[in-house]
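Asker: Before I ask anything, let me first share the structure, which is written out below as structure tokens.
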Amino acid sequence: MVFGEKEVLKDINLQIMRGEIFALVGPSGSGKTTFLRLLNFFERPEKGNLEFNGMETSGIINIRRRMSLLFQTPAIFNKSVFENVAYGLKVRGIDKKTIEKKVSEALDIVGLSGLGNQKARTLSGGEAQRMAFARAIVYDPEILLLDEPTANLDPANVMKIEEIIKRIRKERETTILLATHNIPQVRRIADRVGILINGELIEVNTKNAIFKNPGDNRSEAFLKGEMIY
Amino acid sequence: MSSADFLVHGLIKAFELIFSLNPYILSITGVSIKVSGTATILAALTAIPLSFALAFLNFRGKQAVITLINTGMGLPPVFVGLFIFVMLVPAGPLGFADIIFTPSAMILAQYILVTPIITGISLSAIKAVPKSIIETVYTLGGSRKDAIIAALSEARFGIITAILAGLGRALSEVGAILIVGGNIAETGSIGGIGEGLSKTRTLTTAITSETSKGGDFSTPIALGIILITLNLSVNLLANYFQRRD
């Protein structure tokens with residue numbers, strides 16, 4: 001993946017397992033966001049391919065509709081909370097009754113029940129991120145791509161978001177790819193971890209293995225917070 | 001009569017003309033609203049799709065169209081009037097249409113003046129919609145059509161403001177409609193003022209002709225009060241929508 005003359009991602013070969021929480025960690029500017037955007041078809045790789053359930057991805061909208069990308073700073077439509085959360089269902093042509101039921105469930109999961117009629121742009125930062133979460137999960141995506149979902153939040157909201165991530169995986173078996181540089185968060189919720197530094201995926205392993213016995217000096221330095229970048 | 005008396009007398013008589021619903025004044029106001037309103041509606045129907053095409057599509061000559069629109073936003077009305085006049089006179093290329101000195105010619109002139117204004121302001125409003133909103137539409141499974149609808153929804157107050165700015169410009173414009181409309185009223189006089197009912201006489205063109213007559217200024221003052229009230233109402237509406245944005 002090349003932007004201008006800068007190679008942002010280099011020969012990445014990665015398999016994400018169904019139903020796992022995979023944490024993609026690395027310093028700011030390491031290429032985490034670009035990688036998620038690539039998976040969600042906002043960027044195209046110069047070479048290589050993306051496979052979904054073993055199939056080469058073609059027909060972007062059909063594959064894209066089976067996943068969801070949550071941005072670090074959520075973009076909020078100038079509408080009510082209900083209409084924001086219902087958006088993904090509406091564009092899929094789902095009937096009104098089902099939309100009401102699913103939106104209500106999603107708002108319940110993120111702890112925003114009763115706020116459906118509120119103007120979404122009046123929510124606090126933490127509430128807005130949780131609303132964006134509800135909007136991303138309301139249509140039961142098979143894959144949830146999360147780009148630093150707690151980067152701008154206070155500890156209480158960080159805990160709430162982490163609880164939501166764990167709950168969604170448990171109840172819906174959603175595959176979750178979490179891009180973050182928050183190491184304690186990775187310890188708390190990830191199953192497997194990939195370390196991305198300067199666009200290079202230098203190591204992939206289970207959480208326990210990678211924290212106990214990092215296979216690369218750069219991984220060790222980053223995980224211990226000793227990497228200067 | 002002192003200068004203060006002269007003004008007060010003019011104002012009192014002007015309000016009398018307005019509140020007595022003088023047919024001459026009413027017919028002029030009606031022509032103004034009809035011409036500027038129709039021109040603004042037609043311009044909006046062209047400008048809004050055009051601004052979306054410019055925001056969302058890539059095509060050859062796009063930059064040239066944007067330059068043309070930016071130039072059009074500051075077009076001198078008398079130039080537009082002259083251009084349309086030359087096109088519509090019997091010897092002109094569009095002379096067969098036989099609409100010179102009719103409200104249709106005035107609508108055409110104002111359409112040309114107002115379309116770039118609504119397009120330019122709408123385009124700015126659409127471009128101000130954050131890219132992240134459009135990307136959110138796509139990531140939630142929306143199509144390009146959904147993205148355009150979302151942009152329209154997000155930019156709606158800006159687009160309404162653009163239409164109102166166009167209407168304000170049309171209502172206060174005088175040069176173009178004076179040339180192509182001819183400022184015509186029926187012969188005769190109604191209620192002791194002006195001439196007969198307006199054919200192509202608007203608030204602005206009537207103010208120029210009534211003022212140049214000299215003597216009693218109550219008629220142009222009455223027309224001016226109505227014009228300012230209309231423009232103020234349009235601006236208040238525009239402010240309301242800007243605040244809601």
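The values are calculated or read from the model by the stated rules, or taken from the named source; none is laboratory data. Worth saying up front: this structure is predicted, and the values here are computed from it rather than measured. Neighbour counts are summed over all protein chains in view; Cβ atoms, including those assigned to glycine, are modelled from backbone coordinates with ideal geometry. Surface areas here come from the heavy atoms of the whole protein model, side chains and all, with no ligands, DNA or RNA. Shrake-Rupley method; radii C 1.70, N 1.55, O 1.52, S 1.80 Å.
Asker: Please verify whether the range A:162-172 includes one or more residues that are closer than 18 Å to residue B:136 by Cα and touching a strand residue (DSSP E or B) at 6+ places or on another chain (Cβ under 8 Å).
Answerer: no
Asker: Then there's this: In this structure, is residue A:85 in contact (Cβ under 8 Å) with a residue 24 or more places away in the chain, β-branched (Val, Ile, Thr), more than 13 Å from chain B (Cβ to nearest Cβ) and within 16 Å of residue A:137 (Cβ to Cβ)?
Answerer: no
Asker: How do the pairs read when you match residues in the range A:174-201 that are closer than 9 Å to residue A:26 by Cβ with residues anywhere that are in a helix (DSSP H, G or I), using Cβ under 6 Å and keeping only pairs 6 or more apart or on different chains?
Answerer: Cβ pairs passing all conditions: A:179/A:32; A:179/A:36; A:195/A:219; A:196/A:32; A:197/A:218.
Asker: Another one. Looking at the range A:177-229, which of the residues that are closer than 19 Å to residue A:72 by Cβ and among the hydroxyl-bearing types (Ser, Thr, Tyr) is farthest from the chain's Cα centre (by Cα)?
Answerer: Within the range A:177-229, the match that is farthest from the chain's Cα centre (by Cα) is A:229.
Asker: Consider residue B:118 carefully, then state whether it is in a helix (DSSP H, G or I) and closer than 30 Å to residue A:91 by Cα.
Answerer: Yes, satisfied.
Asker: Identify, from the list B:86, B:114, B:137, the residue that is modelled with pLDDT of 95 or more and within 20 Å of residue A:76 (Cβ to Cβ).
Answerer: B:137
Asker: Do the conditions hold for residue A:104, that is, is it of a type in the set (Ser, Thr, Tyr) and within 14 Å of residue A:139 (Cα to Cα)?
Answerer: In short, yes.
Asker: Only one of B:173, B:186, B:195 is more than 14 Å from chain A (Cβ to nearest Cβ), touching a Leu at 6+ places or on another chain (Cβ under 8 Å) and touching a residue at least 40 places away in the same chain (Cβ under 8 Å). Can you tell me which?
Answerer: B:173
Asker: Could I ask something else about it? Can you say whether residue A:148 is open to solvent by less than 60 Å² (accessible area, probe 1.4 Å) and either away from chain B (no Cβ under 13 Å) or farther than 30 Å from residue A:183 by Cα (or both), as far as the supplied structure shows?
Answerer: Spelling it out, residue A:148 is indeed open to solvent by less than 60 Å² (accessible area, probe 1.4 Å) and either away from chain B (no Cβ under 13 Å) or farther than 30 Å from residue A:183 by Cα (or both).
Asker: Residue pairs, Cβ under 6 Å, 6 or more apart or interchain, first in the range B:220-238 and surrounded by fewer than 18 Cβ atoms within 10 Å (Cβ to Cβ), second in a helix (DSSP H, G or I) and of a type in the set (Lys, Arg). List them.
Answerer: Sorted first by the residue in the range B:220-238, then by its partner, the list stays empty.
Asker: Count, please, the residues in the range A:32-48 that happen to be within 17 Å of residue A:17 (Cα to Cα) and either at pLDDT 90 or above or away from chain B (no Cβ under 14 Å) (or both).
Answerer: 2
Asker: Please find, within the range A:101-119, the residue that is modelled with the lowest pLDDT out of those that are among the small types (Gly, Ala, Ser) and more than 21 Å from the chain's Cα centre (by Cα).
Answerer: Applying the filter and picking the extreme gives A:114.
Asker: Ok, one more. In this structure, is residue B:147 surrounded by 15 or more Cβ atoms within 10 Å (Cβ to Cβ), within 14 Å of chain A (Cβ to nearest Cβ), more than 19 Å from the chain's Cα centre (by Cα) and part of a helix (DSSP H, G or I)?
Answerer: It is true that residue B:147 is surrounded by 15 or more Cβ atoms within 10 Å (Cβ to Cβ), within 14 Å of chain A (Cβ to nearest Cβ), more than 19 Å from the chain's Cα centre (by Cα) and part of a helix (DSSP H, G or I).
For (1) assigned to a helix (DSSP H, G or I); (2) open to solvent by 50 Å² or more (accessible area, probe 1.4 Å), each residue gets a yes or a no:
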position	(1), (2)
B:16	yes, yes
B:21	no, yes
B:26	yes, yes
B:36	yes, no
B:44	yes, no
B:66	yes, no
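Asker: Scan the range A:62-74 for residues that are open to solvent by less than 70 Å² (accessible area, probe 1.4 Å) and free of Cβ contacts under 8 Å to residues at least 12 places away in the same chain and jot them down.
Answerer: Listed by number, the list is empty, since nothing qualifies.
Asker: For the range B:121-144, how many residues meet the condition of being crowded, with 23+ Cβ neighbours inside 10 Å and assigned to a loop (DSSP other than H, G, I, E, B)?
Answerer: Matching residues across the range B:121-144 total 2.
Asker: For the range A:103-123, check the following and say yes or no: at least one residue is within 16 Å of residue B:139 (Cα to Cα), within 14 Å of another protein chain (Cβ to nearest Cβ), touching a helix residue (DSSP H, G or I) at 6+ places or on another chain (Cβ under 8 Å) and open to solvent by less than 50 Å² (accessible area, probe 1.4 Å).
Answerer: Checking the range A:103-123: not a single residue is within 16 Å of residue B:139 (Cα to Cα), within 14 Å of another protein chain (Cβ to nearest Cβ), touching a helix residue (DSSP H, G or I) at 6+ places or on another chain (Cβ under 8 Å) and open to solvent by less than 50 Å² (accessible area, probe 1.4 Å).
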